[in-house]
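Below you'll find the structure, written out as structure tokens, and then a few comments.
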């Protein structure tokens, strides 16, 4: 399993993913779940994946194949699509198609497979947009009322996002929020694990503003985790019945 979260704010977007793939207690591997595509100043697209690795890797491979095809157009190539809505439509269509193909192959073994994605980005002269792509290929969009999207093991990291994330949240506070959301998930679910990939896109930049991989033992992340744990303990002791 995995955990990915994306925030859509007035000042930009913040995205975070883990890298753990769990196929049983004795088969835990590390795979990148965040994929970045950019033509700096023109467009930037980030895709985060969760679920069946066979589905997500096949989907990403086919999307890349379309990007490399010199005859591709805005109907199949996310780097040529006229809008972010069309990007979401292309990704959703490919994810749904791949899922159906793999499900058909697994049906004879009474097995199933599923995957979901978060697609975020901006093209020049367009608005920042963020979508959650469901396994069937349909999608929903982040809005001012719900400025964050999650996939994978999202329940442990949701409470802090519900409490602190608003459209006007600064990018600095947003990074803190997603990291603490991930910290809560790491503590509660062994199927989510480090390293972490963090990405920030400033509004109208149409490029990656900052990108960071957080390895196990990262001192800044550990200090933040310890401070959060202490704040929770202190807050708990101050509450009276």
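Where a number appears in this text, it was derived from the coordinates with a stated rule and is not lab data. In this text, all values refer to a predicted model and were calculated from it rather than measured experimentally. Methodologically, a virtual Cβ is constructed for each residue, glycine included, from the backbone with ideal geometry; neighbour enumeration extends over all protein chains shown.
Observations on the model:
- Ordering 9, 190, 180 by the number of other Cβ atoms within 10 Å of each residue's own Cβ, fewest first, gives 190, 180, 9.
- Counted by neighbouring Cβ atoms within 10 Å, the residues 30, 237, 58 run from fewest to most as 237, 30, 58.
- Cα shape, segment 185-241, gyration tensor, a/c 1.5 rule: prolate
- Three-way shape call for segment 25-151 based on the alpha-carbon gyration tensor, with the a/c threshold at 1.5: prolate
- With both labels modelled 7 Å from their Cα along Cα-to-Cβ, the residue 64 to residue 30 distance reads 1.9 nm.
- C-alpha center-to-center spacing [segment 208-241, segment 74-135] in angstrom: 33
- Over the chain, relative contact order from alpha-carbon pairs under 8 Å, at least 6 apart, %: 28
- Computed from Cα atoms, the angle from the helix 219-238 axis to the main principal axis of the chain rounds to 50 degrees.
- Anisotropy class of the chain from Cα gyration tensor, a/c 1.5 cut: oblate
- In this rough spin-label picture, where each label sits 7 Å from Cα along the Cβ direction, the residue 237-residue 138 distance is 5.1 nm.
- Among 179, 106, 171: highest mean-square fluctuation, GNM of the chain, C-alpha pairs under 10 Å: 106
- Note: relative contact order over segment 162-233, using C-alpha pairs below 8 Å and six or more positions apart, is 23 percent.
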